[in-house]
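These notes concern the structure reproduced below.
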Amino acid sequence: MAKKAAELTALAVKTLNKPGLHFVGGVAGLALQVLPTGGRSWILRATVGERRRDMGLGGYPDVPLAAARDAARSARELIRSGIDPIGQAQKARSTLRANAAKAMTFREAAEAYMSGQAAAWKNAKHRGQWTSTLQTYVYPIIGEIGVAEVEAAHIHRILDPIWPTKTETANRVRNRIELIIDWAIARTYRSTSNPARWKGHLDKIFPKRRKVAPTVHHKALPIDDMFAFMGRLKDAEGTGARALELAILTAARSGEVRGMTWSEVDLVHRQWIIPKERMKASREHRVPLSAPAVALLKSLPKMGGSDLVFPGMRGKISDATMRAVLQRMGVNATTHGFRSTFRDWAAERTNHSSEVGEMALAHTIPNKSEAAYRRGDLMEKRRRLAEDWAKFCYSRPSVSGQVVELRRP
């Protein structure tokens, strides 16, 4: 047991300023440590097990003499009970630090998740959509709540008002919350189950999306109306009309055409190579250019200072520019709907295989085993398909003859 020093008064302790340990008495081993810098703190020197340990009890004068003696007595009681007060204090501090690290709000978790996904997302627009929906529907309710504290009741408060009227948006919001909380669980910021999961949980509460808001397909032009429409479109003026015409001839998506650059076009080999960064499936896509498509591209002027094939006032033209062409023509169809027209034509009016048609539309192969073994892109078969499609679009449909019954008089 440590030797007790003479018991100093609070006034005597106040005068201690020589660097070193000054035992103050009252409790064995209690000393005031004076540093060369002038800083002073309480130390309890005691034997824990078979080791001599120095335990800090706080700084002086923030911890006065009486409080230091009380803390020293408590520590010695623990030692007599077989408990290491220093180890206990270290464990408490470690737990406190761990809890502080886990005290992440849902907003902070969302920002961390989105930052981590930035490399996988194709463009800033995708992050903008995430941020917009979270700010509108989620943050007002759970933004400042700890991600570990989010419960099913919070998810219901978010989804209940919008599920019946904005089902598609509500489903995206739910999915984004689920992904963020899954991230928090994987990062150990949360230990309980995900209250935003759909299968086996929210699917028992909310009606399925397709029952609330049936899928609305893009309006497509009937196959037999294509010749008349393409004739009118060819006579229409403007960049939007030319972009729409090329989109139809190539069966490409609006965004792929609007972002098309001259460096992607090879008129010699009659192909357009879209880099993977601009493709929905994140895979490079070669598009065969039919003779009319090549002629259309050759007729377009090249704007100085821009590599875009269809430049607008601020970079590439907008999707609204292409929609406006259809509106002016009074056509009840969408730009994307012409891909459906192309698919229907290929299936119903040609002998081209569905495999070639799907490849022309740059659709991914659902069967992973089949996708793993497929290496080619059926370019030559798709080139014949593209030429047949262009011929159909610009050729007047044949009129079937009328059968007249002839009777002998």
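Where a number appears in this text, it was derived from the coordinates with a stated rule and is not lab data. Quick caveat: nothing in here was measured; it's all calculated off a predicted structure. Cβ: placed from backbone, ideal geometry, glycine included. Neighbour counts: every protein chain shown.
Of note:
- Too-long pairs where the Cα-Cα distance tops 32 Å, listed order kept, from Lys199/Lys316; Lys276/Lys302; Lys280/Lys391; Lys219/Lys280; Lys166/Lys391; Lys302/Lys391: Lys199/Lys316; Lys166/Lys391
- Ratio of the Cα radius of gyration of the range 106-212 to 2.2 N^0.38 Å, where N counts its residues: 1.03
- The listed peptides 340-348, 82-90, ordered by packing as a protection proxy, come out as 340-348, 82-90 (highest mean of other Cβ atoms within 10 Å first).
- Rg(Cα)/(2.2 N^0.38 Å) for the range 157-315, N = residue count: 1.50
- At most 13 other Cβ within 10 Å, DSSP loop - GluC sites (Glu not before Pro), the range 113-153: Glu144, Glu151
- The convex hull of the Cα atoms of the range 279-319, projected and averaged over all directions, covers 4.3 nm².
- Each Cα pair of the range 10-102 feeds into the Kirkwood radius, which the Stokes-Einstein equation turns, at 20 °C and 1.002 mPa s, into a diffusion coefficient of 152 µm²/s.
- The chain, dipole about Cα centre (Lys/Arg Cβ +1, Asp/Glu Cβ -1), debye to the nearest 20: 640 debye
- Looking at the range 228-322, the pairs of alpha carbons with a distance over 20 Å make up 32% of the total.
- In the range 1-54, trypsin sites (Lys or Arg not before Pro) in a DSSP loop with at most 15 other beta-carbon atoms within 10 Å: Lys3, Lys4
- Coarse-grained scattering of the range 223-394 at q = 0.08, 0.14, 0.18, 0.20 Å⁻¹, given as base-10 log I(q)/I(0) from a Debye sum over alpha-carbon atoms: -0.23, -0.73, -1.23, -1.51
- Counting Lys and Arg as +1 and Asp and Glu as -1 over every other residue whose Cβ lies under 15 Å from the Cβ of Asp235, the net charge comes to +2.
- Projected-area average for the chain over all orientations - Cα convex hull basis, square nanometres: 39.1 nm²
- Residue-by-residue Karplus 3J(HN,Hα) for the range 187-196, coefficients 6.51, -1.76, 1.60, Hz, glycine and proline x: 8, 6, 7, 8, 10, 8, 5, 7, x, 9
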